[in-house]
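*Asks:* My questions all concern the structure below.
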Amino acid sequence: MTIEEKQEELVEDFSMYDEWLDKYEYLIELGKALPAFPEEKKTDDRLIKGCQSRVWLDAGMDGGKIVFTADSDAIITRGIIAMLISVYSGRTPEEILTSDDAFLDRIGLRENLSPTRQNGLLSMMRTIRDLAESHRN
Amino acid sequence: MTVQTFRTLFPALDGNVYGKALVYFDNAATSQRPASVIDKYARMSREANANIYRAVHKLSADATEAYEQGREAVRAFIGAASREEIIFTSGCTAAVNTVAYSFGEAFVRPGDVIVVGEAEHHSNLVPWQQLCLRKGADLRVLPVDEEGHWQLDELGRLLGAQPDGAASRVKLVAVAHISNVLGLVNPVEEVIGMAHAAGVPVLVDGAQGVVHEAVDVQAMDCDFYCFSGHKLYAAPGTGILYGKKKWLEAMPPFLFGGEMVDTVTLERTTFAGLPHKFEAGTGNFTAVATFPEAMETARLARDPQLLAAFDETCRCLEDALKARSDIRLYGASGDAAGPYRRAGVCSFTVDGVHHEDLAQLLDKMGVAVRSGLMCAEPVIRHFGVSGMLRASLLPYNTLQEVEYFMQCLDKAVAMLR
Ligand SMILES: Cc1ncc(COP(=O)(O)O)c(C=O)c1O
């Protein structure tokens, strides 16, 4: 599945719920399903700045593709980063850098987050791009 | 008066969010405004929008008169001796900053001590901390114990002779009447008594206190009392600095310009008398004009029948939170007559659930609460958590809302676990 196809799939998944409370429930499920993140990797240099809850994001290379792992102390935030990982992990830096994130608006995520979490989402996307940039050969 | 009758005065409480009835439990941040205040604001905007004190024309005279009526309403509400002791600022924060700067300029020297409570809002902490940094003074803390109660013997030590035999150098004590996190009515009178016995003035941050307690500044004998209009039913952008005349007269102005002067030459300026000396620039005359209506509302809120219902509503919330073994409620309320009564504010955490997640789900259920550090980081850290959830009520909140809130809390917690 390409990045665009995965984004499309998420937009469809979220559109199955009318109520935002149910969309949150879906995000929470994504958060709960995110694999455990090793405690020793919860270091300050992996913390994403600009989030009120703490979010750690780590990136490694595997056969030319970036593999993201992450965690957060808040479960909704964990769901958001899990969703982003499902889109952007296992891609080449070029794929990430040439994609856009308009799907977040189509889901309606941005407008349905508190202002602090909107900032957090912005920071997560920026960090993903920065990491892609720094892993580009 | 019944809760329902009082409630109908506030149009916003009828509102919907996301198609659900609004449950507004963020009153400690900002109270809702009654229609009388909303209407007065609109009427003044239409009919008396002109600069105050400055012109001879009718509109200016009307605006000035409304401004002074606002001052008189506040003076009467807190029992100040004269209008000269009521200074309008932009908010409680600006009021505290005014004292921190002006009092600091006049009275604080290197090595002096300022005492603040440990559970202060940043607005009654940072101005003092920065003053101390500027002046080379020491900031000392009146600590709270695990129940959120002041450890007054520590204050006694700070105010008494020092271990080396030197006299205490405490110049001022600044404490909250009611902490915006713990929500307990602090024994400010006792602190004032102790401080005065040592010749030290006391500033009381009344942002929460004035909302829940019948304040008489002369009986309390505080030297300064600061609060905001927007937490007390008035329009936002207004704050009050009450100060005893003897202090206000001895302090230099904080901001300069506008009508706060007497005569100005290019070389020097003599300043106007009180209260104008501390009111540089154009005041928020439209919002100040809402004080007579806002104080009338605050007076209605103290109706005995309404207060009895409010006490019961608050107790229900407190009991419901305490009944849950996975919830930690901060600050222990004492007996009904004494200090540390709980005043409509419950801050808590739920085991294994992040406060921000809870606040976000509650919001989607129509419930407005505050979450996070609540502008009082030191006391949140004191209790070893990264943030709390706060439900803060006013007498227009109902028992049904508390029940709905607890149901929503259960549902949100179940979703998050
Ligand atoms: C105890 C306390 N002090 C000071 C303030 C600051 O008030 P304002 O932001 O209106 O200046 C608040 C408001 O949050 C408060 O609760």
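*Asks:* Please enumerate the residues belonging to region B:2-47 that are touching an Asp or Glu at 6+ places or on another chain (Cβ under 8 Å), of a type in the set (A, V, I, L, M) and surrounded by fewer than 16 Cβ atoms within 10 Å (Cβ to Cβ).
*Replies:* Answer for region B:2-47, where residues must be touching an Asp or Glu at 6+ places or on another chain (Cβ under 8 Å), of a type in the set (A, V, I, L, M) and surrounded by fewer than 16 Cβ atoms within 10 Å (Cβ to Cβ): just B:17.
*Asks:* While we're here: Pull up region A:65-77, narrow it to residues that are within 9 Å of chain B (Cβ to nearest Cβ) and open to solvent by 20 Å² or more (accessible area, probe 1.4 Å), then point me to the one that is farthest from residue A:43 (Cα to Cα). If you could, list the steps in order and put the result at the bottom.
*Replies:* Filtering region A:65-77 down to residues within 9 Å of chain B (Cβ to nearest Cβ) leaves A:72-77.
Remaining after also requiring open to solvent by 20 Å² or more (accessible area, probe 1.4 Å): A:73, A:75.
Details: A:73: 13, A:75: 19 Å.
That would be A:75.
*Asks:* Next up: Consider residue B:105 carefully, then state whether it is more than 16 Å from the ligand (Cβ to nearest atom) and either surrounded by fewer than 15 Cβ atoms within 10 Å (Cβ to Cβ) or in the same structural domain as residue B:14 (by TED's automatic domain parsing) (or both). Step through it out loud before you land on a result.
*Replies:* Details: more than 16 Å from the ligand (Cβ to nearest atom): yes; either surrounded by fewer than 15 Cβ atoms within 10 Å (Cβ to Cβ) or in the same structural domain as residue B:14 (by TED's automatic domain parsing) (or both): no.
Taking the combined requirement at face value, the residue does not satisfy it.
*Asks:* Does region A:120-137 include one or more residues that are more than 14 Å from chain B (Cβ to nearest Cβ), surrounded by 19 or more Cβ atoms within 10 Å (Cβ to Cβ) and touching a Cys at 6+ places or on another chain (Cβ under 9 Å)?
*Replies:* yes
*Asks:* Identify all residues within region B:345-355 that are more than 10 Å from every other protein chain (Cβ to nearest Cβ) and crowded, with 24+ Cβ neighbours inside 10 Å; write none if there are none. Working first, answer last.
*Replies:* From region B:345-355, those more than 10 Å from every other protein chain (Cβ to nearest Cβ) are B:345-351; that's our starting set.
Matches in region B:345-355: B:345, B:346, B:347.
*Asks:* Filter region B:202-223 down to residues that are more than 10 Å from the ligand (Cβ to nearest atom) and part of a loop (DSSP other than H, G, I, E, B) and give me whichever is nearest to the other protein chains (Cβ to nearest Cβ).
*Replies:* B:213
*Asks:* So, in region A:8-52, of the ones that are away from every other protein chain (no Cβ under 14 Å) and of a type in the set (A, V, I, L, M), which residue ends up farthest from residue A:108 (Cα to Cα)?
*Replies:* A:36
*Asks:* Give me the residue from region A:53-64 that is touching a residue at least 24 places away in the same chain (Cβ under 8 Å) and in a loop (DSSP other than H, G, I, E, B) and, out of that set, nearest to the other protein chains (Cβ to nearest Cβ).
*Replies:* Across region A:53-64, the extreme among qualifying residues is A:53.
*Asks:* Between B:50, B:73, B:95, which is within 16 Å of the ligand (Cβ to nearest atom), in contact with a Phe, Trp or Tyr (Cβ under 9 Å, 6 or more places away or on another chain) and open to solvent by less than 30 Å² (accessible area, probe 1.4 Å)? Spell out the reasoning first.
*Replies:* Numbers: B:50 fails: within 16 Å of the ligand (Cβ to nearest atom); B:73 fails: within 16 Å of the ligand (Cβ to nearest atom).
Result of the check over B:50, B:73, B:95: B:95.
*Asks:* Looking at region B:165-173, can you tell me whether even one residue there is within 30 Å of residue B:369 (Cβ to Cβ), surrounded by 20 or more Cβ atoms within 10 Å (Cβ to Cβ) and within 16 Å of the ligand (Cβ to nearest atom)? Don't jump to the end; show me each part of the working.
*Replies:* Of all residues in region B:165-173, those within 30 Å of residue B:369 (Cβ to Cβ) come to none.
Among the residues of region B:165-173, not one is within 30 Å of residue B:369 (Cβ to Cβ), surrounded by 20 or more Cβ atoms within 10 Å (Cβ to Cβ) and within 16 Å of the ligand (Cβ to nearest atom), which makes the answer no.
*Asks:* Also, I was wondering about something else. Going by the conditions given, is residue B:60 away from the ligand (no atom under 16 Å from the Cβ), open to solvent by less than 10 Å² (accessible area, probe 1.4 Å) and without any contact (Cβ under 8 Å) to a residue 60 or more places away in the chain? So that I can check it myself, show each step before the final result.
*Replies:* Values: away from the ligand (no atom under 16 Å from the Cβ): yes; open to solvent by less than 10 Å² (accessible area, probe 1.4 Å): yes; without any contact (Cβ under 8 Å) to a residue 60 or more places away in the chain: yes.
So residue B:60 fits the description; yes.
*Asks:* Identify the residue in region B:225-261 that is away from the ligand (no atom under 12 Å from the Cβ), under 23 Å from the mean Cα position of the chain (by Cα) and of a type in the set (D, E, K, R) and, among all such residues, is most open to solvent (accessible area, probe 1.4 Å).
*Replies:* Taking the candidates together, the pick is B:245.
*Asks:* Okay, moving on. Within region B:108-134, take every residue that is away from the ligand (no atom under 16 Å from the Cβ) and open to solvent by 50 Å² or more (accessible area, probe 1.4 Å) and give me the one that is farthest from the other protein chains (Cβ to nearest Cβ).
*Replies:* Filtering region B:108-134 for residues away from the ligand (no atom under 16 Å from the Cβ) gives B:108-115, B:131-134.
Narrowing further to those that are open to solvent by 50 Å² or more (accessible area, probe 1.4 Å): B:109-110, B:133-134.
Values: B:109: 40, B:110: 36, B:133: 26, B:134: 30 Å.
For region B:108-134, the residue satisfying everything is B:109.
*Asks:* Also: Please work out if residue B:371 is open to solvent by less than 50 Å² (accessible area, probe 1.4 Å), within 16 Å of the ligand (Cβ to nearest atom) and within 14 Å of chain A (Cβ to nearest Cβ). Even if it seems obvious, please write down each step before you answer.
*Replies:* Working: open to solvent by less than 50 Å² (accessible area, probe 1.4 Å): yes; within 16 Å of the ligand (Cβ to nearest atom): yes; within 14 Å of chain A (Cβ to nearest Cβ): yes.
So residue B:371 passes the test.
*Asks:* Taking residue B:137, is it open to solvent by less than 50 Å² (accessible area, probe 1.4 Å) and either more than 27 Å from residue B:345 (Cβ to Cβ) or free of Cβ contacts under 8 Å to residues at least 24 places away in the same chain (or both)? Outline the logic, then answer.
*Replies:* Details: open to solvent by less than 50 Å² (accessible area, probe 1.4 Å): yes; either more than 27 Å from residue B:345 (Cβ to Cβ) or free of Cβ contacts under 8 Å to residues at least 24 places away in the same chain (or both): yes.
In short, yes.
*Asks:* Among the residues in region B:391-410, are any facing chain A (nearest Cβ under 9 Å), closer than 23 Å to residue B:125 by Cβ and not in a helix (DSSP H, G or I)?
*Replies:* First, the residues of region B:391-410 that are facing chain A (nearest Cβ under 9 Å): none.
There is no residue in region B:391-410 that is facing chain A (nearest Cβ under 9 Å), closer than 23 Å to residue B:125 by Cβ and not in a helix (DSSP H, G or I).
*Asks:* Can you tell which of B:362, B:358, B:321 is surrounded by fewer than 24 Cβ atoms within 10 Å (Cβ to Cβ) and within 14 Å of chain A (Cβ to nearest Cβ)?
*Replies:* On the way: B:358 fails: surrounded by fewer than 24 Cβ atoms within 10 Å (Cβ to Cβ); B:321 fails: within 14 Å of chain A (Cβ to nearest Cβ).
Exactly one of B:362, B:358, B:321 is surrounded by fewer than 24 Cβ atoms within 10 Å (Cβ to Cβ) and within 14 Å of chain A (Cβ to nearest Cβ), namely B:362.
The values are calculated or read from the model by the stated rules, or taken from the named source; none is laboratory data. Here the structure is a predicted model, which is why all the values come from computation and not from measurement. Here the Cβ is made from the backbone with ideal geometry for all residues, glycine too, and neighbour counts use every protein chain on show. Ligands, DNA and RNA are stripped out before the accessible areas are found, and what is left, the full protein with its side chains, is counted by its heavy atoms. Shrake-Rupley method; radii C 1.70, N 1.55, O 1.52, S 1.80 Å.
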